[in-house]
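Written below as structure tokens is the structure these notes are about.
The values are calculated or read from the model by the stated rules, or taken from the named source; none is laboratory data. Note that the structure is a prediction, hence the values are computed from the model and not measured. Please note: Cβ atoms are built from the backbone with ideal geometry, for glycine as well, and neighbour counts cover all protein chains shown. We work out accessible area using only protein heavy atoms, side chains counted, and drop any ligands, DNA or RNA first. Shrake-Rupley method; radii C 1.70, N 1.55, O 1.52, S 1.80 Å.
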Amino acid sequence: MPYPQAATAPDAERRDRRRTSGPVRLGLIGCGQWGANVAAAAERSAGALLSAVSDVNPEAATRLAARLTSAPKVLSPADLLGDRQFDAVLIATDAASHFELAMAAISQDKHVFVEKPLALSTTDSVALAEAAATAGLTLMVGHTFLYSEHVIDVERALREGQVGELRYVSLQRLAYGRFREDANVIWNLGPHDVSILIHWAGGPPTAVRCVEYMFTRPTISDLAFLTLDFGDFLGHVHLSCIDPEKVRRATVAGTAGGIVYDDVGGSVRLYVNGSEVLPQTLSAASPRPPLDLELSHFADCVRTGARPRTDGIHGAIVVAVLEAATASAALGGDWIDLTMTLGQVSSATRPGPRPDRPASGPSLVPSQRTAFA
């Protein structure tokens, strides 16, 4: 299935009026630990100006503002959303509030950057993508790892056919801690690796299965295993917040070779099957943090109207996969067919070219699947 593209705004003149040639004036909603990281990265990003911060807890916003060199104003979320001097809003709040805040920002003619996941349902995610496209506004989702030089290097190697035909891709995201009461391990850590797999594949999977386990709390999973069927290869994702060692690793296996991406170690290495030559290092540590690159990209998209690398449609597809994984886990690991759900996403889009590797070929998993709508 081709990777869909966001629909074109029907009113091009209205769209152009929402672009700016100067620095993009940003307002941040959400001043917690990650919100502080977003604020710091926004200050370092070329073409952006962090002008205000906001939080439901005014004291948190005041503390953050005092640490920032840009000396942003402290506003309530409602006042920030209604203030016409801001071009865009950065949303770094709990996932349950993403839909309401993002839709409110769009209704106030503001471009929106929202942390992952875009929303907690495919329906809400598609509604946000449609609303932004209709208004001619940029909607971008904070899938930070897609702005990592390492992930981009793997993408380039796949596109150039350096490993031959893909057989499988396995990703691990393991550590101890990061226990959250508002999200299980699938929704907390899963968006990272699901977004990477979708981008490397050049499109969404056709089916998903998942098993999850609760070891530290009776109703919130802290260990999960996902399998994604991309037609001609399988993707595996291992998520855990109970492992003693921090691991962020991807193994790519193909007919001609393989790639090992070690985010913690800071390297991407290419292996050639049967070769006695030492593996080739595709990249080492990146000079700029992915979050900085991500927010600079957002500012560029606001100024130019370019399509974000992680736009609302990408965010909606990630949410669809996470919803399907949740449904599969509830059924003990049954395959969940994504055809109907992806049709819902595609109905809000028109097809468009992408430079990514297309997914095609015969299915590698059983054909008897549970439909998911």
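State all residues of region 238-259 that are over 24 Å from the mean Cα position of the chain (by Cα), within 28 Å of Asp337 (Cα to Cα) and part of a loop (DSSP other than H, G, I, E, B); if no residue qualifies, say none. Once the filter is applied, which keeps residues that are over 24 Å from the mean Cα position of the chain (by Cα), within 28 Å of Asp337 (Cα to Cα) and part of a loop (DSSP other than H, G, I, E, B), region 238-259 yields only Thr255. If you go through region 21-43 and keep only what is more than 21 Å from the chain's Cα centre (by Cα) and part of a helix (DSSP H, G or I), you end up with just Glu43. Residues of region 192-205 include at least one that is acidic (Asp, Glu) and within 18 Å of Val319 (Cβ to Cβ). If you go through region 156-200 and keep only what is among the charged types (D, E, K, R), out of contact with any Lys or Arg (no Cβ under 8 Å at 6 or more places or on another chain) and part of a helix (DSSP H, G or I), you end up with just Arg156.
Inside region 283-301, residues that are of a type in the set (A, V, I, L, M, F, W, C) and either surrounded by fewer than 18 Cβ atoms within 10 Å (Cβ to Cβ) or modelled with pLDDT under 80 (or both) make up a count of 2. Put simply, of Thr255, Thr219, Thr206 the only residue that is among the polar types (S, T, N, Q), touching a residue at least 40 places away in the same chain (Cβ under 8 Å), open to solvent by 10 Å² or more (accessible area, probe 1.4 Å) and closer than 18 Å to Ser328 by Cα is Thr206.
The set of residues in region 110-161 being small (Gly, Ala, Ser), buried (at least 20 other Cβ atoms within 10 Å of the Cβ), under 16 Å from the mean Cα position of the chain (by Cα) and modelled with pLDDT of 95 or more consists of Ala119, Ser125, Ala129, Gly142. For region 203-237, the candidate set comprises residues that are of a type in the set (A, V, I, L, M, F, W, C) and assigned to a loop (DSSP other than H, G, I, E, B); within that set, the residue that is nearest to Ser170 (Cα to Cα) is Phe233.
Could you grab me the full set of residues in region 311-328 that are out of contact with any Lys or Arg (no Cβ under 9 Å at 6 or more places or on another chain) and over 15 Å from Ala119 (Cβ atoms)? Answer for region 311-328, where residues must be out of contact with any Lys or Arg (no Cβ under 9 Å at 6 or more places or on another chain) and over 15 Å from Ala119 (Cβ atoms): just Ala327. Within region 44-97, the residues that satisfy the criterion of being among the hydrophobic types (A, V, I, L, M, F, W, C), touching a Leu at 6+ places or on another chain (Cβ under 7 Å) and open to solvent by 30 Å² or more (accessible area, probe 1.4 Å) are Leu49, Ala96.
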